[in-house]
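Participant: Quick one: the structure is below, questions incoming.
What follows draws every value from the coordinates through simple rules; no lab data is involved. Computed from a predicted model, the values in this text were never measured in an experiment. Cβ sites come from the backbone with ideal geometry, for glycine too, and all protein chains shown count toward neighbours.
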Amino acid sequence: MRASHSIRCLACAVSILAATPGLAAEPPASPGAAATAAKGPADTLTRENLTSKLALARQLLAKNSPSMQRIEQSDNAGAKEQVAQANKLLGKAEAELAAGNLEPTAKLLDEIFLLVGTASRTVRDPAAAVTEARNRYNALLEEVHTFQKSYTSLCGRLTEKRCIKTDMDRIGQSVKDAEELARGGKYKEATAMLTEAHAVIVATMNKLMESESIIVYELKFDTPAEEYEHEMGRYHSYDELIPIARAELKPSEQKLQLAERFLQQSRDALDAAKKQAAAGDHAAAIKSLQDGTAKLQSVLRIYGLVVPQ
């Protein structure tokens, strides 16, 4: 069996060699060699091939190699232990090759490459880790900002006593603190702070929506048109939460399909309400909007967000 690989980087070498136990040698040039080769794959190994693999192992384990420096600078005790084991095996491999023991040398080298590859994968490149942390922070920050806007929009249409100002002030301060941490490159700490703020604002939104069924009876309207405007604002407040809940709660495909029917019904109710209001029948328009809002509430419950019945 002949093996030929184009190795373009050390990382590629690790994955290729780890998956290829004992690179095969060139076909034997004499009948005697052929007879020897028939004894098994390990017997076809050559000192030249193993010497090349041994040189690669030394290069991978060199203290100045990028992967070794990354592992040494990390706090990953497991990866450091794997590197230590690989270095011990390297000494054994060198001794076995010097003694002409090709098969044990090949097995030792395969184990070295496996250890180095595993250690390298478990310790992320700092630049890549920073990029990932920054992206995670930015995504969460955008979600929190969206919830803040939805809260402000919804709260602006309700009685002041129903708005949970203390929680929102605390959330706003947490967002400011997180942004300050992020500006200093502390994305992990900033994300942890935003995660807490995110949990608070979701709970706050749920409290606010739970109070909606009571609020509607507390509000007094001078005209049907004024009540219609309130119901339109209430409809849009729930509508704004649909994409947020879908992105955050990640409902299954089955739930999405079920929710789609209610979403379409809510859109139909909204269209009907607009036509009824344009015709001056605000009483019918209000009823249509309330029906549409109920459909949106059903969608949010399907997604997993707590909303009033």
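Participant: Report the label-to-label distance for Lys250 and Ala199 in nanometres (one decimal), using points 7 Å from each Cα along the Cα→Cβ vector.
Facilitator: It is 1.8 nm.
Participant: Please give the FRET efficiency for Lys149 paired with Arg58, using the beta carbon to beta carbon distance and R0 = 35 Å, rounded to the nearest 0.05. Mind dumping the intermediate values first?
Facilitator: Details: r = 58 Å, r/R0 = 1.66.
Approximately 0.05, to the nearest 0.05.
Participant: If neighbour count is taken as other Cβ atoms inside 10 Å, put Lys149, Lys63, Lys107 in order from fewest to most.
Facilitator: Ordered by Cβ neighbours within 10 Å, fewest first: Lys63, Lys149, Lys107.
Participant: Moving to a separate point now. Based on the Cα gyration tensor of the range 220-309, what are the three equivalent ellipsoid semi-axes, each the root of five times an eigenvalue, rounded to whole Å and given largest first?
Facilitator: The equivalent ellipsoid of the range 220-309 has semi-axes of 27, 13, 9 Å.
Participant: Next up: At 0.36 nm per residue, minus the direct Cα-Cα distance, what do Arg134 and Thr118 gain on full extension? Give it in nm, one decimal, please.
Facilitator: Separation in residues times 0.36 nm, less the Cα-Cα distance, equals 3.2 nm.
Participant: Another question, then. Residue-wise, which Karplus ³J(HN,Hα) couplings in Hz belong to the range 82-88, taking 6.51 cos²θ - 1.76 cosθ + 1.60, θ = phi - 60°, and x for glycine or proline?
Facilitator: Whole-Hz 3J(HN,Hα) from phi for the range 82-88: 5, 5, 4, 5, 4, 5, 5.
Participant: Something else now. Based on Cα coordinates alone, diagonalise the gyration tensor for the range 48-133, multiply each eigenvalue by 5, take square roots, and list the semi-axes in whole Å, largest first.
Facilitator: 28, 11, 10
Participant: In nanometres, what is the gap between the two model label sites at Arg183 and Gln257, each 7 Å from Cα along Cα-to-Cβ?
Facilitator: Placing both labels 7 Å along Cα→Cβ, they lie 5.0 nm apart.
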